[in-house]
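Undergrad: Okay, here's the structure, questions in a sec.
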Amino acid sequence: MLERELQNFGLSEKEAKVYLAALELGTATIQELSKKSGVNRATTYIQVELLIQRGLISSTDRAKKSLFIAEKPQRLVDILNDKKSKVEELEDKFTKLMPDFEAIYNVHSDRPRVRFFAGEAGLNSWRNEVYKDKPKLLYMILPGKLNTITDLKDDPVLVKLANSVETIKVMYLAEKNLPSNIFVSYRNILTRYFYMKDFELDITLFNNKLHLNKPIGFDASMGVMVEDKMFCKSFVAIIETLWQLGQPLGEIPNMK
């Protein structure tokens, strides 16, 4: 068990064997470490050198013999703390350098950035971008296979989107009118419908980010996010044209 944990710490299998042998023996020669660990003598030399570099073993000479001593187990914690300190130092350094990296990236801002998402986790990824960006305007196109939208009235995603965005334009590519009473409490959500045959993708567009997604429930739900000003400007033109051609969703009295 300890050998496995040492490997999780970063030691190789043979390093772990030699280090445990050194802990148990206290002070030992290469031959003694080899015998105790079950690692051949030549390889034990190599492992001891690696452990010395890690600061887990030290050496001393006595009666013209080289003896090796395992450092206290606390040294493992000290090494972890040292690594943690270095990681935090690097993180701080790169955080400060991030504006420089972003400047280099922005030089090529005319190059579309494409990302792929899968399943519910993929949906949550771009949704979190919406929540973070808080765009003034968000477009949504939903496929016409929906026969009703009343099942969305308690959708926490819809509620969170409504609270994160100033205005949401939802276009249903539906063959017939759909009830819209569920949006009464969401004054910032505007809805229309327009029939388009064989359209099956969900589309979301905000802040020059275009997300196309196979709806959850399909055998292979996946999405693509294209971040590009020209792509998005073109899609906004298409959506706004559909918006002008579309009709307002009808309201159904006394719907619960």
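Undergrad: Residues of the range 14-124: accessible area per residue at 1.4 Å, in Å²?
TA: On the way: 7810 Å² over 111 residues.
Value returned for the range 14-124: 70 Å² of accessible area per residue.
Undergrad: Can you compute 3J(HN,Hα) from phi for each residue in the range 27-36, using the Karplus curve 6.51 cos²θ - 1.76 cosθ + 1.60 with θ = phi - 60°, rounded to whole Hz and x for Gly and Pro?
TA: Running phi through 6.51 cos²θ - 1.76 cosθ + 1.60 with θ = phi - 60° gives 10, 8, 8, 4, 4, 5, 5, 4, 5, 5 Hz.
Undergrad: Which of rounded, prolate, oblate describes the range 1-95, given a ≥ b ≥ c as roots of the alpha-carbon gyration tensor eigenvalues and a/c under 1.5 marking rounded, otherwise prolate only if a/b is larger than b/c? Kindly include the intermediate steps, with their values, before the conclusion.
TA: Numbers: a/c = 2.54, a/b = 1.92, b/c = 1.32.
Taking the square roots of the gyration eigenvalues as a ≥ b ≥ c, the range 1-95 is prolate.
Undergrad: Just reorder ARG4, ARG41 by solvent-accessible area, largest first, 1.4 Å probe, all chains present. Please report the intermediate quantities before stating the final value.
TA: Numbers: ARG4 145, ARG41 120 Å².
Largest to smallest exposure gives the sequence ARG4, ARG41.
Undergrad: Residues with amide H under 5 Å of LEU210's amide H, sequence separation 5 or more or different chain, H placed in the peptide plane at 1.01 Å from N; which?
TA: VAL226, GLU227, ASP228
Undergrad: Measuring from label point to label point, each 7 Å out along Cα→Cβ, what is the TRP243 to ASN128 span in nm?
TA: 2.9 nm
Undergrad: Among the lysines, which fall within straight-line cross-link reach of LYS214, defined as a Cα-Cα distance under 20 Å, with same-chain neighbours fewer than 8 residues apart omitted?
TA: LYS145, LYS169, LYS197
Undergrad: What FRET efficiency, computed as 1/(1 + (r/R0)^6) with R0 = 25 Å and r the Cβ-Cβ distance, is obtained for GLU49 and ASN81, rounded to the nearest 0.05? Intermediate values should be presented prior to the final figure.
TA: Details: r = 24 Å, r/R0 = 0.96.
FRET efficiency, GLU49 to ASN81: 0.55.
Undergrad: Among all the lysines, which ones have a C-alpha under 17 Å from LYS14's C-alpha, if same-chain residues fewer than 8 places away are not counted?
TA: Once the sequence-local lysines are set aside, what remains near LYS14 is LYS35, LYS36.
Undergrad: Given LYS160/LYS209; LYS136/LYS233; LYS160/LYS229, which pairs have Cα atoms separated by over 24 Å?
TA: LYS160/LYS229
Undergrad: Under 13 Å from the Cβ of GLU71, count the other residues' Cβ atoms, weight Lys and Arg +1, Asp and Glu -1, and hand me the total.
TA: Working: positive: ARG54, LYS72, ARG75; negative: ASP78.
Surrounding charge for GLU71 is +2.
Undergrad: What lysines does LYS96 reach when the alpha-carbon gap must be under 19 Å and sequence neighbours fewer than 8 apart in one chain are set aside?
TA: Result set, ordered by chain and number: LYS84, LYS86.
Undergrad: Which distance in nm do the two modelled labels at GLU200 and LYS72 give, with both placed 7 Å along the Cα-to-Cβ direction?
TA: With each label point 7 Å from Cα toward Cβ, the separation is 6.7 nm.
Undergrad: Can you give me the distance in nm between label points at GLU89 and GLU3, each placed 7 Å from the Cα along the Cα-to-Cβ direction?
TA: Placing both labels 7 Å along Cα→Cβ, they lie 3.5 nm apart.
The values are calculated or read from the model by the stated rules, or taken from the named source; none is laboratory data. What you are looking at is a predicted structure, and each value in this text was computed from that prediction instead of being measured. A quick note on method: Cβ atoms are made from the backbone with ideal geometry, for glycine too, and the neighbour counts reach across all protein chains shown. The area values use the complete protein model at the heavy-atom level, side chains included, leaving out ligands, DNA and RNA. Shrake-Rupley method; radii C 1.70, N 1.55, O 1.52, S 1.80 Å.
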